[in-house]
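The values are calculated or read from the model by the stated rules, or taken from the named source; none is laboratory data. Here the structure is a predicted model, which means the values were calculated and not measured. Quick reminder, even Gly has a Cβ in these numbers, built from the backbone with ideal geometry, and neighbours come from all protein chains shown. Surface accessibility is based on the protein's heavy atoms, side chains included, excluding ligands, DNA and RNA. Shrake-Rupley method; radii C 1.70, N 1.55, O 1.52, S 1.80 Å.
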Amino acid sequence: MNSASPKVARPRHAPDPGSSQPRWLFPFVFAILLLLSILPLGRLAVTGLLSLASGGGDGLLGDPALWTALWHTLTTSFLGMLVSVAIGGSFALLLTLFDIRLKTAIGFLFMLPMMIPPQVTALAWLGLTGPSSTLLKALGLAPPLGSPQPLYSIGGIALLLGVQNAPLVYLALRAGLLALPRDGVEAARLSGASALQVLRDIILPLALPGFAAGAAMAFVSNVGNFGIPAILGIPASIYTLPTLIYAKFASFGPSTFADISLLSGLIALLSLAGLTVEERLLRGRDYRIIGLSGRSAVFQLMGWRVFSEALLWLVLFLILLLPFAALVSSSLAPAYGVPLTLQTATLYAYEEVLLRQSITRTAFSNSIGLSLATAFGLLLVTVVMAYAVSRSGPRLAALINALADIPYALPGIVLAVACILLFAAPLPLLGVSIYGTIWIILFAYCSSFLAVSLRPLVSAFRQLDPSLEEAARLAGAGFGRRMRDILAPLIAPAAGAAVILVFLIACNELTVSALLWSAGTQTLGVVIYNLDDSGSFNLASALSVLVVLMVLVMMVLLELMASRLPKGVVPWRS
């Protein structure tokens, strides 16, 4: 019997199976990656190398301020990472492995510190501690006047960095714990192992990759953080590498571009070192899991459940609700340090930032406009890019994802410097410079948040059955019609999530815009920092409260959409 299938002649007008994707698809994708990823980072690398080759780094390397800032960066980042591992790891273990009640609500609230801008976190904690705390004065617990502010220190910066990035450890470890097979745990229990033995000998060793990944992400995020070291460190002359770049940029001189390119390269190397340490920790060990994953084991806490739940809510109260209460108190006081009573409480700060201060109205307009333009602008290109990723082979998909991820993974200060170097001169052929305009901030946002917009759409495209598109193609539908009538309606929820995520992150951004803003292009993050820097703490607090409420509304919207989204799109729903 001849097993070969007979060849069937394809009708003259039938579509060619090899032409199901338009010819411009992959050139378009790589043009976007060239513009948003390769060009700015390549310009930064070239400037740094040329500066080193011409001896421009000699003066910087001989500056004691560089080594002091490097030491402060390493110290605060490492200590902050330890705090993140302790808090984030405990929440991940308790919420994933044990019968804690209200897990979704606790997980949702625990993610809030990561979504709130770091400068707002710093302001909230400043309002909570120290002799001028409005809340502590109202409660009669404020330290005597003249007492030092404890957060203006290495320990204070590290503590807040740890609180800010604890959700990163939580997310990484929780994803690993959810992948552990339940049958392996049940086999150990049937063999007589106690819950403690199972946790110690089986679960925790297998969860080490999640711990390591979360710790590495927290360290890298700490290295590039600008908002917390700027508000807590600069008043105490404690400079980290990002704030040293800011200071050098503020005192602009002939060697500024060379110096900040080298400092940015140093931050990038530190970030790379953090990820390399994670890889070295896991090298040579085998963490493959046999069995079906997706259902985590759940242990009964018995009499310890109430205590554990109380501990989780207490931590949330300390790191979230108490600082926010201090922020609200500071915003209702007529001035920083004035005790808050029924007689002194006023909405003056809210009236100022919403009705009288033109700078805050400009900041609202700029931040919302930039965030909307970034979110919808990226959506137009990432829909096409996500389609290309889902239809390409593993190596090409990995290359596209990696090029999109690099600007997001690097600290924002590095990307801002790269954009300055790229657009300091007028654009070729056009002769127009966008440096000092709002367009350079929009470009930096698009470069930084490309990966945020791309990931949910890639997940959505990969969940679609290719036969749907294939049937439409065989019926004669072109790429545009297939995208419009078949694919777009199916990926609409993920597209909505991508827009909200990008809007949420861009609206609160400070690190990138701190170096790129100019008169008339201030964003909310910049104005909050400048108001605090000029002594208007109550105005900065009022604006921060409004930003927190906006973040909360956006997160609730995402939570309401969660059931219609692909798994992994909403960060706090692993």
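Values as computed for the structure displayed
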read-out	value
All positions within the stretch 381-421 that are charged (D, E, K, R) and farther than 20 Å from residue 505 by Cβ	391, 395
Residue check, residue 504 part of a helix (DSSP H, G or I), modelled with pLDDT under 85, within 18 Å of the chain's Cα centre (by Cα) and of a type in the set (A, V, I, L, M)	yes
Any hit, the stretch 420-428, residues being part of a helix (DSSP H, G or I) and either touching a His at 6+ places or on another chain (Cβ under 8 Å) or open to solvent by 50 Å² or more (accessible area, probe 1.4 Å) (or both)	no
Residue selected from the stretch 246-266 under the condition under 21 Å from the mean Cα position of the chain (by Cα) and surrounded by fewer than 24 Cβ atoms within 10 Å (Cβ to Cβ), by the criterion modelled with the lowest pLDDT	265
Condition check for residue 415: part of a helix (DSSP H, G or I) and open to solvent by 10 Å² or more (accessible area, probe 1.4 Å)	no
Among the candidates 132, 194, residue that is polar (S, T, N, Q), without any contact (Cβ under 8 Å) to a residue 24 or more places away in the chain and over 29 Å from residue 411 (Cβ atoms)	194
Some residue of the stretch 460-474 being of a type outside the set (Asp, Glu), open to solvent by less than 20 Å² (accessible area, probe 1.4 Å) and without any contact (Cβ under 8 Å) to a residue 24 or more places away in the chain	yes
Members of the stretch 39-69 that are loosely packed, with under 13 Cβ neighbours inside 10 Å and either assigned to a helix (DSSP H, G or I) or of a type in the set (Val, Ile, Thr) (or both)	46, 50, 53, 58, 59, 61, 64, 65, 67
3 or more residues at pLDDT 85 or above and touching a helix residue (DSSP H, G or I) at 6+ places or on another chain (Cβ under 6 Å): qualifying helices (runs of 4 or more DSSP H) within the stretch 93-180	103-115, 118-128, 154-178
From the options 535, 520, residue that is under 19 Å from residue 234 (Cβ atoms) and assigned to a loop (DSSP other than H, G, I, E, B)	535
Residue check, residue 409 open to solvent by 40 Å² or more (accessible area, probe 1.4 Å), over 19 Å from the mean Cα position of the chain (by Cα) and under 17 Å from residue 40 (Cα atoms)	no
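One line per residue, one yes/no per condition, for (1) at pLDDT 80 or above; (2) assigned to a helix (DSSP H, G or I); (3) under 21 Å from residue 67 (Cα atoms):
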position: 244; (1), (2), (3): yes, yes, yes
position: 276; (1), (2), (3): no, yes, no
position: 281; (1), (2), (3): no, yes, no
position: 290; (1), (2), (3): no, no, no
